[in-house]
Structures are given as structure tokens and as C-alpha cells.
1. Applying the selection to region B:1-24, what residues are away from chain A (no Cβ under 14 Å) and of a type outside the set (V, I, T)?
2. Return the total of residues in region B:1-15 being within 12 Å of the chain's Cα centre (by Cα) and surrounded by fewer than 20 Cβ atoms within 10 Å (Cβ to Cβ).
3. From the list B:V18, B:V41, which residue is within 14 Å of the chain's Cα centre (by Cα) and farther than 27 Å from A:S239 by Cα?
4. Please state which one of A:V142, A:V117 is surrounded by 21 or more Cβ atoms within 10 Å (Cβ to Cβ) and in contact (Cβ under 8 Å) with a residue 60 or more places away in the chain.
5. Evaluate the following for B:A70: is it more than 23 Å from A:G359 (Cβ to Cβ), buried (at least 21 other Cβ atoms within 10 Å of the Cβ) and either within 14 Å of chain A (Cβ to nearest Cβ) or without any contact (Cβ under 8 Å) to a residue 24 or more places away in the chain (or both)?
6. So, A:L95, is that one surrounded by 22 or more Cβ atoms within 10 Å (Cβ to Cβ), modelled with pLDDT of 95 or more and either among the aliphatic types (A, V, I, L, M) or touching a helix residue (DSSP H, G or I) at 6+ places or on another chain (Cβ under 9 Å) (or both) or not?
7. Inspect region A:8-30 for any residue being closer than 29 Å to A:Y181 by Cβ, in a strand (DSSP E or B) and modelled with pLDDT of 95 or more and give the result as yes or no.
8. Tell me which of these B:V49 doesn't satisfy, since it passes every other one: (1) surrounded by 19 or more Cβ atoms within 10 Å (Cβ to Cβ); (2) hydrophobic (A, V, I, L, M, F, W, C); (3) more than 13 Å from chain A (Cβ to nearest Cβ).
Amino acid sequence: MTDPRPDSDRTSPLHQIHVDGGASFTDFAGWQMPVSYGSDLAEHHAVRTSAGIFDISHMAEILVDGPGAADFLDYALAGRLSAIAIAQAKYSLLLNPEGGIIDDLVVYRLTDDTFFVVANAGNRFAVATALRARAENFDVRVSDLSDAYSLIAVQGPNSREIAKAAAGITEVSVPLDDLKYYWSTDALFDDQPLLIGRTGYTGEDGFEFYIQTDAAANLWAALVAAGEPYGLVPAGLASRDTLRLEAGMPLYGHELGTDSFPVQAGLGRVVNLKKEGDFVGRAAIEAGPPHGSHLLVGLTTEGKRAGRAGYSVVTDDGSQVGMVTSGALSPTLGFPIAMAYVDPFVLEAGTPLYIDVRGNRIAASVVDLPFYKRDK
Amino acid sequence: MTDQTSLQYTAEHEWILVDGDTATVGITAYAADKLGDVVYVELPKAGSVVSGGTVVGEIESTKSVGELFAPVDGTILEANAAVDADPSLVNSDPFGEGWLIKVTYTALPTLLSFDEYSALIAE
């Protein structure tokens, strides 16, 4: 056993609640965040069958506002953000000029001229810096509000009933029963502004609550209390990772990075080449990645031993043709699943593939993503 | 309930219960907690000759893989079949039902006492 004790010290505004709840913590992008509250498997299953509540306050929130905001985001990001309606959310990418991915983002349109950009914790400064640099010729203001906002996610089939039952949430503009996937509504919690998105990162129905930091602990408590009859459990980053992996959702630093083009990660649809005008990365995306660039695929294997990030994908003569980016024994499916970048020629030829699991070659099948899809 | 003060420990977060010429080996609650829910164990077969400090097995959780070191030179007497069938025993009872291997040892190295190990994980 090697000792994975972390050495970073940023903590969430909900940290004491997690300590009191018996959480163990892990370092994530410089934050001490709950990895689990006892059993990551139980937390995983709770999200699939009832509901889980996650503290993801480490995520970064950047406000973009001003008369030029929509045009600016069309230039700065890969998608056409000017096309989304007020209260709508959109998954997008921040590309570098070479077509690589600086971060993946969720963007909420709050008003005609106001957008709320949610970035990964580890990319907070890269995103804020890139947005500011790209804003030079636009009438827009870029404000990093990450320290002022907390983010709580309630995910799972019971999440809607829990969100509706939470005491203190009032003035919900769009009734949660009517709120569509990837739309948001404003509301109040204890008279403070609250943004609720029907969004998430687990493959289940769910809601994300953006709240000012000083009200976050009370909101967490209200949601936990409302969730009690619905089987809501606090859930940590370990279960969040297996949930998103089953749902085939990429994780920055694993499936996404500045060295991968969106099309390699299966995110070609996120880049809008039909939008007018230039956007950062456009020329590189139009040229496409180098011939033979590896493609992200889903792999499943038999037995119980999972291929994990960094393990080689090989053919039966042992030559390496790819690399696993994420993998685990799927708690829901019961067999190992992995995402991996693999040589496209090998994929096209249908060559049998193996994952080298610490010296043991385990046969792998290429499957469509996601591994798991909920019944709607 | 195993008396943890009667066990000896390694810096690799394993515990050893010495009884005659047999050492029973498991991982500590601290290690099990750090791993998360254990979903698979790979243990050496009875009769295997092992040398102290070498990797003889694996303990996999959903999120990571831990290595099982042989703490002593010797021969594997038994691997815990119950843990093979139900790896969650490593989490629920790491010092008891979740033991991993029994080794017939030839010599005992210097191991950590309960107090020494407690100090190590408190650092």
C-alpha cells in the first residue's frame, strides 16, 4: 500500500459538514473534497436508484456580461452561445488556437447580455485568463466569481421531488416539474438569489444549485432534510467518477486536454463550424487533427480487474495501439469498463484488442458510449 | 473483535498476527478507508513461496489498486477464500474476517508496534 495522503488545503464552505458526516477527503485540483462518506459503492447505487447530494463547490464560476457578451462567447468558445435562449444551458468547449481543449464548460444564459460560465476547478485560472484575453475587442466584462459561489448537485431519480420539497426555496420562476434538461430557473433561498439548473454529471436526472457561499451550508441542510424520506445520501467524488464514467462523460485531464481535438473525444458536435465569423481554434478544427490521431472509445472487459488510466491498449502481438484514460469495475453493470484513446486504423480493421492490466493481457471489446443509459 | 494493540504492523499499512510459526496478514482500517470500497482481491495460492517486501497480491477498489506485500519470508499456508468471494469484508472487518493471507514464516523482520503504527498514520 502506498499512502495517498494529500497535501493541499483549500476547503469548501461545507467542509465542516462533511467532517461531521464522516467523510474522507481527497485532493482535487488543490481542494480537499469529500471522496466518500463511508461507502463509495453505496453512494453510487443511491444515485442510480434514489438520490445523492454532492458538494462541488470547487467548480469555477465566471460571469460574462455586457452588450457584447453573446458575440464574445461565439468568438471565445466552440459553440454558438448566441443561439441559446434565456435560462437555457449549453455544454461547450474552450479551445486553444491549435484546436486543443483548454476546458469543457457548461454555460447558462441568465439574460440577453449575461452568461454564467462553469469551469473545472483545475482550469479556473486558465479559463478566466483566456476569456479575458479574448474579450479585448468586445464590449463585455469577465468576472471570476468562483470564491463567491458554491455549487451543490442533487442527482438521481428522486432528485426532482427532493428539490421541490426543500424548505426555504421560493420564487422558483419555472416550476421544477416543467424545467427541461439543460434549462435553468432562478429562485430564492432564504431570500438570497439561487440558480437551479437541470444539469449534472452522473447520467441521472438531477439539479445543480448555484448559491452564494455564505448560504451554502443552510441550503445543503435544507436539501438533506427534504431528501430524508427519498433515500438521499451525501455522495463523494469517488462515486461521482464511476457515475460519470458509466454515463460516458469525459473528465478533463483524462479524456480531454490541450493535446486532444474535440473530434477525437467524440465531441465534434460541440464545435459549431456553421456559425458566422471566426472563433478561436476554428482554422485548426477545419484542418482537423493529424491523420491517424487516436479516437476515444468505450471498452469493456470480462472478469473483475479493471483497466485504469494510463494502462496500455495492445494487440495480440503486444504492440501498443492505445491508452486507457479512465476505467473501473462498473458498480451498476458489474463488469469492468474503460474509456481509451485508440489508433483509428486498428479500430477500423476490427483487430482484437487487449488491456494490459499490470502485466496481464485482458481481452477488451469496443462498445458504443455511454455504457449506461437510464430509462426515461 | 481483534485487539489491535496485540498486532504488529508495517509501514505499508499491513497488520501481522503472529501465532507460532504462522503469520496472519491483512491491511489496516486506515488503508482500507483510503482505498475505498474493495471490489476485487488477487491473493497468492497456498504453497507459494514468498519473500518479505515483495508484492504478492492486489487489492482493488473502485478507484484504485493497492499492492499486497509479503511482510515475511515464508510459504503461503492459506489465502482467505471468504474475501475472494466477498471483497467488502476488507472494509467491514479489516482486522478480522477481512484477513488476507496466512504465511508459514522462517524469520520475522522488525515490525512496528501498535503505538509506532498509530504514530505513523497520525503524521
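The values are calculated or read from the model by the stated rules, or taken from the named source; none is laboratory data. Quantities reported herein were computed from a predicted structural model and do not represent experimental measurements. Quick reminder, even Gly has a Cβ in these numbers, built from the backbone with ideal geometry, and neighbours come from all protein chains shown.
1. B:M1, B:D3, B:Q4, B:S6, B:L7, B:Q8, B:L17, B:D19, B:G20, B:D21, B:A23
2. We begin by selecting, within region B:1-15, every residue within 12 Å of the chain's Cα centre (by Cα); these are B:7-15.
If we keep only those that are surrounded by fewer than 20 Cβ atoms within 10 Å (Cβ to Cβ) as well, we get B:11-12.
So the answer is 2.
3. Numbers: B:V41 fails: farther than 27 Å from A:S239 by Cα.
Testing whether each residue is within 14 Å of the chain's Cα centre (by Cα) and farther than 27 Å from A:S239 by Cα leaves just B:V18.
4. Working: A:V117 fails: in contact (Cβ under 8 Å) with a residue 60 or more places away in the chain.
Only one candidate passes the filter, namely A:V142.
5. Working: more than 23 Å from A:G359 (Cβ to Cβ): no; buried (at least 21 other Cβ atoms within 10 Å of the Cβ): yes; either within 14 Å of chain A (Cβ to nearest Cβ) or without any contact (Cβ under 8 Å) to a residue 24 or more places away in the chain (or both): yes.
Here the answer is no, as B:A70 does not meet what is asked.
6. Values: surrounded by 22 or more Cβ atoms within 10 Å (Cβ to Cβ): yes; modelled with pLDDT of 95 or more: yes; either among the aliphatic types (A, V, I, L, M) or touching a helix residue (DSSP H, G or I) at 6+ places or on another chain (Cβ under 9 Å) (or both): yes.
Answer is yes for this residue.
7. For region A:8-30, residues closer than 29 Å to A:Y181 by Cβ, in a strand (DSSP E or B) and modelled with pLDDT of 95 or more: absent.
8. (1) is the only condition that B:V49 fails.
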